[in-house]
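Notes for the one structure printed next.
The values are calculated or read from the model by the stated rules, or taken from the named source; none is laboratory data. Predicted, not measured: the structure shown is a model, and the values here were computed from it. Cβ coordinates were reconstructed from backbone atoms using ideal geometry, including for glycine residues, and neighbour counts include every protein chain displayed.
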Amino acid sequence: MSNNLVPPRFVPTLTDVVQLTSYVQGDQKEPSNGQLEDQIVHRVMQRVDLVMEPRLREAVAQVILSHTQALAPRLREEIELVVRESVIQAVAQELPSQSF
């Protein structure tokens, strides 16, 4: 079995500096260092947003779940009190109108 694939002579590695070139038409100039910096910052922020959004959603969901679990007993007590008072009031209003 012979291997006819020839590896490329040069493959950039993560430590190599790659020059960014701009393919610009007409009278437009290459971006200045400030513009290039702004473009890089913008792209990095887009990538950060993509990573952060799901993580923030998960973190917020965990906080909400934790608070909901902590509030559940208090909410149950309040609901029970409201239902009990409503039933007592309804029964009190019904009893005087009953004739036995």
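The residue list 27, 38, 16 contains one member that is at pLDDT 65 or above and either of a type in the set (Asp, Glu) or more than 37 Å from the chain's Cα centre (by Cα) (or both), which is 38.
Residue check: is residue 75 within 22 Å of the chain's Cα centre (by Cα), in a helix (DSSP H, G or I), surrounded by 10 or more Cβ atoms within 10 Å (Cβ to Cβ) and modelled with pLDDT of 90 or more? Outline the logic, then answer.
Details: within 22 Å of the chain's Cα centre (by Cα): no; in a helix (DSSP H, G or I): yes; surrounded by 10 or more Cβ atoms within 10 Å (Cβ to Cβ): yes; modelled with pLDDT of 90 or more: yes.
No: the conditions fail for residue 75.
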